[in-house]
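Structure first, commentary second.
The values are calculated or read from the model by the stated rules, or taken from the named source; none is laboratory data. As the structure is a computational prediction, the values presented were derived from the model and not from experiment. Positions of Cβ are generated from backbone atoms using ideal geometry, with glycine treated the same way; all protein chains shown enter the neighbour counts.
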Amino acid sequence: MGWIMTDEFRVLSPTAILGYGFPESSFRKGMERKPHLIAVDAGSTDPGPYYLGAGKAFTNRAFVKRDLRYMLREGVKNNIPVVVGTAGGSGASVHLEWCRQIVLEIAAEEKLSFKMGVIPADVSKETVKKALGEGRITPLACVPELTESLVDETTYLVAQIGPEPIIEALKAGCNVVLAGRCYDPACFAALPIMLGYDEGLALHMGKILECAAIAATPGSGADCALGILKKDSFILEALSPKRKFTCESAAAHTLYEKSDPYHLPGPGGAINLENCSFTDIGDGRVEVRGSRFEPTPRYLIKLEGARSIGYRSISIAGTRDPIMIGSIDQILAEVKAHIKEMSPEDDRSEQLFFHVYGKNGVMGQLEPLATTSSHELCIVIEALCPSQDEADTLCSVARSTLLHYGYAGRISTAGNLAFPFSPSDIKMGNVYEFSVYHLMDPAGEELFKPIIEDI
């Protein structure tokens, strides 16, 4: 495409995650700035393991198509590369193909022609088992050691790719790049790194742009942001008059999703932020300096996989009885014991959970406030069992037992709970947990090759 390094490289980030949407006015303002790249992060592990394990997208198809239509139409028309990372939400082959089909629909409807690079991020179980046997896999913090049985039970297994496969697709002349599971900043940083811009600055800017206007103030995941990369700094700029970047908002987002405030690890190295500075340069813009990339001795990639662990049913109920609220822990323990007593031959009480919102529903046992002061509580009854029928049964019994349980001091003889929905019990289906969340040394094996196609 004849790209060359210039005084600045402008990146338009339309939205925090593809499918979250953005105002057309913000996108148009971004296009007026003549960006060199339109890039978007399309996924995350934040919604939990279900979407990876089940091969489902967590974003709405209609809005993904809506967002992509703007990006593809303007990108192809103006010869601006469009790069999408972690396509389909989790970035496995099934998610990648889901997003690819949307791209093909848009291309047909808008009569667009372009070269597209599709980069699968799946890693075969055989590859992982081989690496495991050779001692090339290590768990992340608070994660158990990986075993072959966990690998076998995993449905979809992906790795976070770095900028390199995206650069390969861009060098092959691709106008559009659709990547599977991707290190969040990579889709923003690949092209400027290819052109010779500083890798640390490019990745740090990408880390902020992957959430678009969330890093502005007031933040929004459904609005656009512009990043301007220079030789020794980058500038962040909001594209809506409602928002602006401040030193505080940019620095705060730099700390986002990080266990270490000074280092952000990724494939092959980490961004070092020890000497990073944030300067307000006016008009709602912030300039960032001092970020640098430090390669690790070994090139490591993060593996992600999920496996099925059963089926879930829930029931949502509320109570406003101060007597019940005052003894809620004891009451729930007694209900569990009563259920166990009713079915001693098939005891599933350990598969029954009560989430009490208004007390410790968010923090659980880590909640530091011991006394409940709420005038009402929301109780989510959860049953997690090997089959859906078993989960349905356990949830139903727990709900009816708690509804009419005669706790000490109860005055009314009717139900203790108020149900906002009828039917009260909800089938949640298959439940997944992360089974693979480890680092792998690929030992020089080239795992992620772009597939080039002419649209």
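Structure above, values below:
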read-out: Residue in region 22-30 that is in contact with a Ser or Thr (Cβ under 6 Å, 6 or more places away or on another chain), of a type outside the set (G, A, S) and at pLDDT 95 or above present; value: yes
read-out: Subset of region 86-123 (residues that are within 16 Å of P450 (Cα to Cα), small (G, A, S) and either in a strand (DSSP E or B) or without any contact (Cβ under 8 Å) to a residue 40 or more places away in the chain (or both)); value: G117
read-out: For K340: the one exception among (1) touching a Ser or Thr at 6+ places or on another chain (Cβ under 6 Å); (2) surrounded by 16 or more Cβ atoms within 10 Å (Cβ to Cβ); value: (2)
read-out: Answer from L384, L439 - the residue that is touching a helix residue (DSSP H, G or I) at 6+ places or on another chain (Cβ under 7 Å) and either under 26 Å from G53 (Cβ atoms) or without any contact (Cβ under 8 Å) to a residue 60 or more places away in the chain (or both); value: L384
read-out: Subset of region 161-174 [surrounded by fewer than 22 Cβ atoms within 10 Å (Cβ to Cβ), more than 22 Å from the chain's Cα centre (by Cα) and on the phi < 0 side of the Ramachandran plot]; value: I167, E168, K171, A172
read-out: Pair list, Cβ < 7 Å and 6+ apart or interchain, from region 134-145 residues that are without any contact (Cβ under 8 Å) to a residue 60 or more places away in the chain to residues that are surrounded by 13 or more Cβ atoms within 10 Å (Cβ to Cβ); value: E145/P139
read-out: Residues that are over 20 Å from P185 (Cα atoms) and not in a helix (DSSP H, G or I), drawn from region 59-85; value: N60, N78, N79
read-out: Scope region 42-65; condition surrounded by 18 or more Cβ atoms within 10 Å (Cβ to Cβ) and either β-branched (V, I, T) or farther than 24 Å from A306 by Cβ (or both); matching residues; value: T45, T59, V64, K65
read-out: Selected residue [outside any loop (DSSP other than H, G, I, E, B) and either small (G, A, S) or in the same structural domain as L403 (by TED's automatic domain parsing) (or both)] from S308, S259; value: S308
read-out: Any hit, region 4-11, residues being among the basic types (K, R), under 21 Å from I214 (Cα atoms), in contact (Cβ under 8 Å) with a residue 12 or more places away in the chain and buried (at least 17 other Cβ atoms within 10 Å of the Cβ); value: yes
read-out: Test set (1) touching a helix residue (DSSP H, G or I) at 6+ places or on another chain (Cβ under 8 Å); (2) assigned by TED's automatic domain parsing to the domain that holds D389 - F293 fails condition number; value: (2)
read-out: Candidates L191, L157, L146, filtered to the one that is modelled with pLDDT of 95 or more, surrounded by 18 or more Cβ atoms within 10 Å (Cβ to Cβ) and touching an Asp or Glu at 6+ places or on another chain (Cβ under 9 Å); value: L157
read-out: Filter pass, I214 being out of contact with any Pro (no Cβ under 7 Å at 6 or more places or on another chain) and in a strand (DSSP E or B); value: no
read-out: Selection count, region 399-448, where residues are loosely packed, with under 14 Cβ neighbours inside 10 Å, farther than 30 Å from S308 by Cβ and not aliphatic (A, V, I, L, M); value: 7
read-out: Qualifying residue in region 22-29 (condition: over 25 Å from A169 (Cβ atoms), part of a helix (DSSP H, G or I) and in contact with a Cys (Cβ under 7 Å, 6 or more places away or on another chain)); value: yes
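A quick yes/no check of all residues on (1) modelled with pLDDT of 95 or more; (2) closer than 30 Å to G310 by Cβ:
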| site | (1), (2) |
| --- | --- |
| T6 | no, no |
| I17 | yes, yes |
| V40 | yes, no |
| V83 | yes, no |
| I102 | yes, no |
